[in-house]
Structures are given as structure tokens and as C-alpha cells.
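The values are calculated or read from the model by the stated rules, or taken from the named source; none is laboratory data. Because the structure is predicted, anything quoted here is derived from the model rather than measured. Neighbour counts are summed over all protein chains in view; Cβ atoms, including those assigned to glycine, are modelled from backbone coordinates with ideal geometry. For accessibility, only protein heavy atoms count, side chains too; no ligands or nucleic acids. Shrake-Rupley method; radii C 1.70, N 1.55, O 1.52, S 1.80 Å.
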Amino acid sequence: MNILVCIKQVPDTKIIKINPKTNTLDRSSAPAILNPYDAHGVQEAVRLRKIHGGKVTVLCMGPPMAREAIKKCVEIGADEGYLISDRRFAGADTLATSYALYKAIQKLMKQDGIDLVLCGKHAIDGDTGQTGPGIARRIGIPPLTNVIKVEEVDLDSQQMKVRRKIEKGYEIIQSKLPCLLTVEKEINTVAYSPLPNMLRAARYEPIVWTVDDLEDVDIKQLGLKGSPTIVGKMWPPAKSEGAKMIDGDVKKQASELVKHMLEKRELFEVKGGEQA
Ligand SMILES: Cc1cc2nc3c(=O)[nH]c(=O)nc-3n(C[C@H](O)[C@H](O)[C@H](O)COP(=O)(O)OP(=O)(O)OC[C@H]3O[C@@H](n4cnc5c(N)ncnc54)[C@H](O)[C@@H]3O)c2cc1C
């Protein structure tokens, strides 16, 4: 069973500061770590490899320093890691990120075949949770989000069953393989890495691809050029005034909501394309 895990290097948001002048993240104020949800993704892939055999590959888009996040995955037990790194990827929103990762996955699918793609539920910095479903849509495989347990994998019939977290409980979903899961932290406990893995990780050098190593890439869909999203403004969480329920039918609720937003319009004003 060949499993690909998409992993992101993120600033440690428990420590990161917000620049009070620009209201943007001061990325230099916190160490870079492996996105915690992605560590759970790698752990799950390693668990499935133990049962079904095959290989665990990790894929990351990021600057050269993101090698360290890939090495961390090798510590957890990944077999190999690819970093796609190029100035032309820089400034990507989730649309451009999922396009770049999709192009790398296409190449890996041709190389080795992939039965399952895993992503974290979200990245703790960008926090959109859109990248996984975006990749699945582009590859044309089912996205199963918020997975808390892999119930069953049947490689003969190419089917799997997972348990998904929903608002008031969980549901069991069956899907054909390949598919893409986004995982919650409840899916497993990330174990302490055994010494041989740590030694291997210390010497491990990820394979680095630039845009030129990928096939049939539309440059216009990469990086800042391929990113229609603009982060207009960020501000620290305001003190909650408490939730207010709006009564009435949907039309009345919508018009009340718009009225309230217009009253608070300074909170929603967009001031040009600052970066997250
Ligand atoms: C206009 C604009 C400019 C931006 N410029 C920058 C910038 O210069 N620098 C910057 O760091 N961010 C920038 N961002 C943020 C960047 O778009 C997001 O971090 C990125 O698209 C991923 O989205 P997310 O963090 O919400 O991930 P989510 O969708 O929440 O992540 C879910 C999962 O997707 C996978 N995943 C996400 N990102 C990656 C990745 N890079 N590689 C592999 N797997 C991944 C992981 O499995 C992760 O758990 C910018 C955003 C916008 C809108």
C-alpha cells in the first residue's frame, strides 16, 4: 500500500507574535515545526504500512528550510520525502498550493502508484483546511475529511472505511481507493521515535524538485500570480460580545445579519493585499 502524506512546515503558533503595526504574523518570532496534524498523518501512514506493507512518502512545498520538517517525518517512520521548492511557488494561496502539490503528486503517481493520500485537518498557521480537498478535487479522487479512525482497508476490492467526526458524533464512510483523508489528532498518538529512525533522519536528505522537474505545469497557476485570494486585514481576537441569535425566516435573518455587519463595517474593511 503506497501512501503519500502532504506535510507543511509551520511557525509554532503557541509562541508566534503578531506584528502590532501590520497585524501580520511575525514568522521570525517562532521556531518552525512540522504541522502537528501532519505528524498524526505520518504516524497513521506508518501504522497502515505495518499492516499492509508498501511505502510511506511525504511531500512538502516550502522553502529549503522545510527539509527539517521532512526529516522529522523520517524520524516518525516515513521512507522518503520530497520537497518542492522554487521561488515561483512563493506567495501561494490554497488554490495555487493545491495546484503545485497536485502536479508533484501526478509525477509520484506515475513513478510509484499511490493508493492513499493523507493530509492534516488544517495547518495551524494558514488554518483554512482547504488544501486537502483542493488536491483531491484536482486529482479526481474522493476527499474524506475530519477522519478520526481508519476502520478497514481492503486492498483486494480497493475499498476503505473511515470514521469521520461530525458536529454531534461520528459517521462511518466507505470509499474506493485511491482517496484522500484529512486527519484529526484523535486518529492516533504520535509515538516517540525509535533510535534507528532518529539516526536515519539525521543523515537523510530529501529529494528536492523545482518547477522544472514537474510536467505540464501552467506557470500562471503557481505562486502569487496563481493566487486570487487576498488577505485584506488581520487583527487579534476581540473580546466576545456574546453570540446573538437572529429570529425569523432566512430572508429576515440574512437582512438582520447584513445590517449588523454594516454597523461593524470597520472590522470588515479590506486594506490591500497584506500577506498572512
Ligand atoms: C495572498 C496570499 C499570500 C500568501 N503568502 C504566503 C507566504 O508568502 N508565505 C506563507 O508561508 N504563506 C502564505 N500564505 C498562506 C498560504 O496560502 C497557505 O499557508 C497555504 O496555501 C496552505 O493553506 P493553509 O495553511 O490554510 O493549509 P490547510 O489547507 O489548512 O492545510 C491542510 C493540510 O494541507 C497540507 N498542506 C498545506 N500546505 C502544504 C504545503 N505547503 N505543503 C504540503 N502540504 C501542505 C497539509 O497536510 C495540511 O495539514 C499566503 C496566503 C495568501 C492568501
For the range 94-242, the percent of all C-alpha pairs falling in each 10 Å bin, from 0 up to the bin holding the max distance, is 9, 28, 34, 23, 5, 0
Taking only DSSP H segments of four or more residues, each worth -39500 (n - 2.57), what value at 222 nm results for the chain once the sum is divided by all its residues, to the nearest 500 deg cm²/dmol? -9000 deg cm²/dmol
Virtual paramagnetic centre 7 Å along Cα→Cβ of LYS55, amide N under 15 Å, in the range 74-102: 78-83
Quick one: if the Förster radius is 25 Å, what FRET efficiency do GLU263 and LYS185 give, using the C-beta to C-beta distance and rounding to 0.05? 0.10
Most to least packed among 150-159, 77-86, 122-131 [average Cβ atoms within 10 Å]: 77-86, 122-131, 150-159
Using a probe radius of 1.4 Å on heavy atoms only, what accessible surface per residue do you get for the chain? Whole Å² is fine. 57 Å²
Top positive-direction residue, dipole computed over the chain with Cβ charges, set PRO63, ALA243, GLY120: ALA243
Quick P(r) readout (the chain; Cα-Cα; 5 Å bins; whole %) gives 1, 5, 11, 15, 17, 15, 13, 10, 6, 4, 2, 1, 0
Checking rank on 94-105, 5-16, 243-254, 211-222, with mean other Cβ inside 10 Å and highest first, the result is 94-105, 5-16, 211-222, 243-254
Filtering the chain for DSSP H helices with an axial alpha carbon extent of at least 15 Å and a Kyte-Doolittle mean of at least 1.0 returns none
Between ARG137 and ARG203, what length comes free when the chain is fully extended (0.36 nm per residue of separation minus the Cα-Cα distance, one decimal in nm)? 20.2 nm
Run the quick spin-label model on THR128 and ALA32: label points 7 Å from Cα toward the beta carbon, then report their separation in nm to one decimal. 2.0 nm
At a 1.4 Å probe, what is the % contribution of carbon and sulfur to the accessible area of the chain? 54 percent
Positive end of the charge dipole of the chain (Lys, Arg +1 and Asp, Glu -1 on Cβ, about the Cα centre): tell me which of HIS52, LEU214, MET198 has its Cα farthest that way. MET198
Which whole-number percentage describes the relative contact order of the chain, with Cα contacts under 8 Å and a sequence gap of 6 or more? 22 percent
Find the relative contact order for the range 1-86 and round it to a whole percent, using C-alpha pairs within less than 8 Å whose residues are 6+ positions apart. 34 percent
Burial order of peptide ranges 36-42, 134-140 (average beta-carbon count within 10 Å, highest first): 36-42, 134-140
Suppose each label sits 7 Å from its Cα in the direction of the beta carbon; what would the LYS17-LEU155 distance come out to in nanometres? 5.1 nm
